[in-house]
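The structure appears right after this line, and notes come after that.
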Amino acid sequence: MTARPRSRPPAVTLGEGNTPLVASVAVAPANGASRLFFKLETCNPSGSYKDRFISAEIARILGEGAGTCVATSSGNTGSALAAYCARYGLRCFVFVNENAPTGKLAQMQAHGATVIRIPGFITDFRVTSNVFGTLTNFSREHRVPLIVSAFRYCPEGMRSVQRIAAEILARETPDHVFVPVGGGGLYSAIVQGFQESGQRVPKVHAVQPEGCLTTVASFLRGTNEIRSVNSTTRISGLSVPSDIDAGRALLKLRECEGQGIPVSDEEVFSAQRMLLEKEGICGEPAGATALAGWLSARRSGIVGDDEASVCLVTGHGFKDPASIEDAARRHPSATVESDDLDDVLSEVLSGC
């Protein structure tokens, strides 16, 4: 018997969006500030803000009648795509870099996606450009949708990400917003969302790892030229060595009078541990990059004591289990015999 095709729902959703905006309870006061907030995009269904983008893209793909799609991803786009494709009966093939975190790869494969690793993709700009060119030609020739979380490739999906700005404004009126920058699409969407809100546009700062400075390097040079780089950063998700939406992000950065802030990988990992240990927020390294930028901005005087800041926490810690395991090693577990339990409980009481 031939199976009936799955009926298409009126709306493509897994409940993405409307994520919490929570106030800092420890990091802000420890740094002499009173108003710091975290936008927890970790609470989206697959654990990152990419669910917003993918829900819109899947709606478009279903409307076109396609049954298969291909995508490039450093992890989170592929994870989100795999989840939504599973829900709506689509086949997906995800092309990733060979060092993509195991947590993200496991998500993709568990949902049934076909994952193809390409050495040098996302780190070597020549390999990256070749992959994008080949996939673009394939998509055009065979009418197979190509999913890339960038305005250059998927403007409709990226416009759905602008909603983050409206959700922030529904709760707070920030003076500063800190956004991690890889390809530049997220940053561009956030600024565009504020610009279209009809309210005062905050200074939206672009925070980028020193090992993959595209947008921020151009900002610091004072030029409009985006130079390709060979990425050395270990921050998964922010390694985009050539101009996809970097030029667009650079324009938006100047329009909103934000700053381009470079941060080291170690600053990012330190910020990740700070979120885990001081705020109870489990974010992947890319999700902690905005906080690393805020800490840098506080040190340099960009953010005043009483100014309101929002840091985007873009992806959940389970995305990058190796980084969580590194943080956990700072607090090793202990093994005791039951006869020695009284000694441990004495230590518990000493801390009460």
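Annotations
- Checking S74 against (1) at pLDDT 95 or above; (2) surrounded by 24 or more Cβ atoms within 10 Å (Cβ to Cβ), the condition it does not meet: (1)
- G301 being loosely packed, with under 10 Cβ neighbours inside 10 Å and either assigned by TED's automatic domain parsing to the domain that holds I164 or touching an Asp or Glu at 6+ places or on another chain (Cβ under 6 Å) (or both): yes
- Number of residues in segment 78-102 that are under 20 Å from S129 (Cβ atoms) and either touching a strand residue (DSSP E or B) at 6+ places or on another chain (Cβ under 6 Å) or at pLDDT 95 or above (or both) equals 6.
- For S309, the criteria (1) free of Cβ contacts under 8 Å to residues at least 40 places away in the same chain; (2) more than 16 Å from E210 (Cβ to Cβ); (3) small (G, A, S) hold in every case but one, which is (1).
- Residue selected from segment 261-271 under the condition small (G, A, S) and out of contact with any Asp or Glu (no Cβ under 7 Å at 6 or more places or on another chain), by the criterion nearest to P202 (Cα to Cα): A271
To keep it simple, each residue is scored yes or no on (1) over 17 Å from V204 (Cβ atoms); (2) assigned by TED's automatic domain parsing to the domain that holds L169.
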{"residue": "R273", "(1), (2)": "yes, yes"}
{"residue": "K278", "(1), (2)": "yes, yes"}
{"residue": "C282", "(1), (2)": "yes, yes"}
{"residue": "A297", "(1), (2)": "no, yes"}
{"residue": "A308", "(1), (2)": "no, yes"}
{"residue": "H316", "(1), (2)": "yes, yes"}
{"residue": "S338", "(1), (2)": "yes, no"}
{"residue": "L345", "(1), (2)": "yes, no"}
{"residue": "S350", "(1), (2)": "yes, no"}
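- The one condition in (1) in contact with an Asp or Glu (Cβ under 8 Å, 6 or more places away or on another chain); (2) closer than 18 Å to G182 by Cα; (3) assigned to a helix (DSSP H, G or I) that L295 fails to fulfil: (2)
- Applying a threshold of 9 Å to beta carbon distances and a minimum spacing of six or more residues, or different chains, the list of pairs starting in segment 273-293 at a residue that is β-branched (V, I, T) and ending at one that is surrounded by fewer than 23 Cβ atoms within 10 Å (Cβ to Cβ) and part of a helix (DSSP H, G or I) reads T289/E267.
- Residue within segment 214-233 that is under 13 Å from L186 (Cα atoms) and among the aliphatic types (A, V, I, L, M) present: no
- Whenever a residue of segment 80-99 is free of Cβ contacts under 8 Å to residues at least 40 places away in the same chain, its partners that are of a type in the set (K, R) and buried (at least 24 other Cβ atoms within 10 Å of the Cβ), lying with C-beta atoms within less than 7 angstrom and at least six residues away or across chains, give the pairs A80/K50.
- Candidate set: segment 50-71, residues that are in contact with a Ser or Thr (Cβ under 9 Å, 6 or more places away or on another chain) and among the basic types (K, R); chosen: the one surrounded by the fewest Cβ atoms within 10 Å (Cβ to Cβ): R52
- Only residues that are closer than 30 Å to G17 by Cβ and either modelled with pLDDT under 90 or not in a helix (DSSP H, G or I) (or both) were counted across segment 307-352, and they come to 11.
- Only listed residue being among the β-branched types (V, I, T) and touching a residue at least 24 places away in the same chain (Cβ under 8 Å), chosen from T123, T114: T123
- Among the residues of segment 162-208, those identified as in contact (Cβ under 8 Å) with a residue 60 or more places away in the chain, polar (S, T, N, Q) and more than 22 Å from S228 (Cα to Cα) are T173, Q192, Q195.
- R8 touching a Leu at 6+ places or on another chain (Cβ under 6 Å) and modelled with pLDDT under 95: yes
- The sole residue among G47, G32 that is among the small types (G, A, S), surrounded by 23 or more Cβ atoms within 10 Å (Cβ to Cβ) and either on the phi > 0 side of the Ramachandran plot or assigned by TED's automatic domain parsing to the domain that holds H111 (or both) is G47.
- Q208 meets each of the listed conditions (1) over 17 Å from the mean Cα position of the chain (by Cα); (2) surrounded by 15 or more Cβ atoms within 10 Å (Cβ to Cβ); (3) not in a helix (DSSP H, G or I) apart from (1).
The values are calculated or read from the model by the stated rules, or taken from the named source; none is laboratory data. On a predicted model such as this, the values are computed, not experimentally measured, just so you know. In this analysis, Cβ positions are derived from the backbone assuming ideal geometry, glycine residues included, and neighbour counts consider all displayed protein chains.
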